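Enquirer: Here it is: the structure, laid out below.
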């Protein structure tokens, strides 16, 4: 009986730890990005007052799977995705969502050239 209780306590602790790392309803636990369902990666981007977050974080993505950019911005602009071929993502002032795919593995910089900032680096595999 005691052995069973120890095993159950260990399982409960593991489940609690995993729950803290699980993704939220938007597919990601963190502000930068995360893998969600079916290999989708979501990146949350905030552009406000001349600054952008995240600040060059590395985010995992999969070749050929959707990368969703959730953008909240105080101005309209363009994000450059230095993939092959390069992609340009226009966004309006306010909240918007853009989806792209990366067809080749490697590290892909995602930048706001107007701010001269790397937003994220997609580690595509």
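The values are calculated or read from the model by the stated rules, or taken from the named source; none is laboratory data. Please read these numbers as outputs of a predicted model, since none were measured by experiment. Cβ atoms come from the backbone with ideal geometry, glycine included; neighbour counts cover every protein chain shown.
Enquirer: Could we say that residue 81 is within 12 Å of the chain's Cα centre (by Cα) and either modelled with pLDDT of 95 or more or exposed (fewer than 12 other Cβ atoms within 10 Å of the Cβ) (or both) here?
Expert: Answer is no for this residue.
Enquirer: While we're looking at this one, here's another question. Check residue 63 against each of (1) surrounded by 15 or more Cβ atoms within 10 Å (Cβ to Cβ); (2) farther than 22 Å from residue 48 by Cβ; (3) touching a residue at least 60 places away in the same chain (Cβ under 8 Å) and name the one condition it does not meet.
Expert: All conditions are met except number (1).
Enquirer: Then there is this: Report, by residue number, each residue of the range 25-55 that is within 11 Å of the chain's Cα centre (by Cα) and modelled with pLDDT of 95 or more.
Expert: Residues satisfying the conditions are 41, 42, 43, 44, 45, 54.
Enquirer: Give me the pairs, please: first residue somewhere in the range 95-112 and on the phi < 0 side of the Ramachandran plot and touching a residue at least 60 places away in the same chain (Cβ under 8 Å), second residue anywhere and surrounded by fewer than 18 Cβ atoms within 10 Å (Cβ to Cβ) and in a loop (DSSP other than H, G, I, E, B), beta-carbon distance under 8 Å, and either six or more positions apart or on two chains.
Expert: As it stands, the answer is 110/82, since those pairs meet every condition given.
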